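This is the structure I want to talk about, given as structure tokens.
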């Protein structure tokens, strides 16, 4: 699983391999073998593609996050209503 910075850099390399993506996160991705530099520029390896795909949340995870957020809003409103009276 990639953290936010590494996921963003890996996604940027996937979208634009010819762009300038020099950063400490890119150095780490290259050291891990997720990105390689060849004559054509930067290229994502198979391991990088797997790591990028693993970082994409599923439909269930996206839906669950929204439901939890709505429940937290209701709890906050109930708490305010209970303590405001």
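What follows draws every value from the coordinates through simple rules; no lab data is involved. As the structure is a prediction and not an experimental result, all values here were calculated from the model.
Counting each DSSP H run of 4 or more residues in the chain as -39500 (n - 2.57), what helix-only mean residue ellipticity at 222 nm follows after dividing by all residues, to the nearest 500 deg cm²/dmol? Show your work: numbers first, answer last.
Values: 4 runs with 56 residues, N = 85.
Only helices count here, giving -21000 deg cm²/dmol.
Tilt of helix 4-15 relative to the longest C-alpha principal axis of the chain, in degrees (0 to 90, nearest 10)?
Value to nearest ten degrees: 50.
Step by step: find N for the chain, compute 2.2 N^0.38 Å, then divide the Cα radius of gyration by it. What's the final number?
1.66
Pairs of alpha-carbon atoms within less than 8 angstrom and 6+ residues apart define the contacts here; what relative contact order does the chain have, in percent?
26
Follow-up. Just to confirm the number: angle between the C-alpha axis of helix 59-84 and the first principal axis of the chain, 0 to 90 degrees, nearest 10?
30
Let me ask you something else. Hey, what's the per residue convex hull volume over the C-alpha atoms of the stretch 1-42, in cubic angstrom? Present the calculation step by step, with values, prior to reporting the outcome.
On the way: hull volume 2.6 nm³, N = 42.
Considering the Cα atoms of the stretch 1-42, their hull volume per residue is 63 Å³.
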